[in-house]
Amino acid sequence: MANRQLVDYIISLKSTAFSKDQVKAVLLEIGWQEHDIEEAFQEAADVHSIRLDKTPLNWARIAAALLLIISVPLLFSLNLSTPTGHAIAADAGDVESTPLALPLPPALPAVPRATETITVLESIEKPAVTLPAQEENTNVAAPAIPTPLAPTESPEVPCESRLDNTRDPCFTARALETNDERTCNLVRESNSRTECILNIAITTHNHSLCKTVGNIDACYETYTRATHDTSACERIVFPSSRDACLALG
């Protein structure tokens, strides 16, 4: 947008005899930039055009102006006469009007001209690099570190697919969880299989499960010691072992 003060100055010269080049030369001499001057001329022309459109025609003034324009050249083109009748040609130097002086143009904006010149030279020698504005507030909290995702647990491998030493404990855990002695039969190691069945028998109070293990009498005795149910002792074959089992109750 053009400088308002400069636009008003140009508009004030519209009714004078000064040309655009004369006004422009004066403005350039005192430091106005050419693009600012051109913008001001353009805006002044637009404003003047609008004012002319809105101003009603005064035909009396127009007629007087036309008459003045026609009569002035005729007066200067005629030869003047002295009282004795001698013709005296009009001297161009005598009738030439005094040169008009331009009104004082508006001062430049607040930025000193020398500073603008230095800025232009520096921008030509080295292109300016626009740096991001730094925050004035030094107490800005540091960005928080995103919370890392928790490691996902690997899917559990089915007991049937295990080939290492975790296979038997896997079947034992499944059997005790479901109280299913048939799952104990999938345990390969005999002592672990017997212990799996005995634990289910004690949990379910079902001493008949001891019939599926190798050492039946030992299973009945261990069952009676854990549950104090001497009915299992009656199933022991050897009398001495049976008496010892009954003594546990």
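Using the Cβ atoms and a cut-off under 10 Å, what net charge is assigned to the surroundings of ASP217, where Lys and Arg are +1 and Asp and Glu are -1? After counting each charged neighbour, the total is +1. Once the C-beta distance of ARG225 and ASN185 is scaled by a Förster radius of 22 Å, the resulting FRET efficiency is 0.35 to the nearest 0.05. Sparsely packed loop sites in segment 1-51 (the trypsin sites (Lys or Arg not before Pro) outside DSSP H, G, I, E and B with at most 13 other Cβ atoms within 10 Å) comprise LYS14.
Where a number appears in this text, it was derived from the coordinates with a stated rule and is not lab data. No experiment lies behind these values; they were computed from the predicted model shown. When we count neighbours, we look across all protein chains shown, and the Cβ atoms used for this are built from the backbone with ideal geometry, even at glycine.
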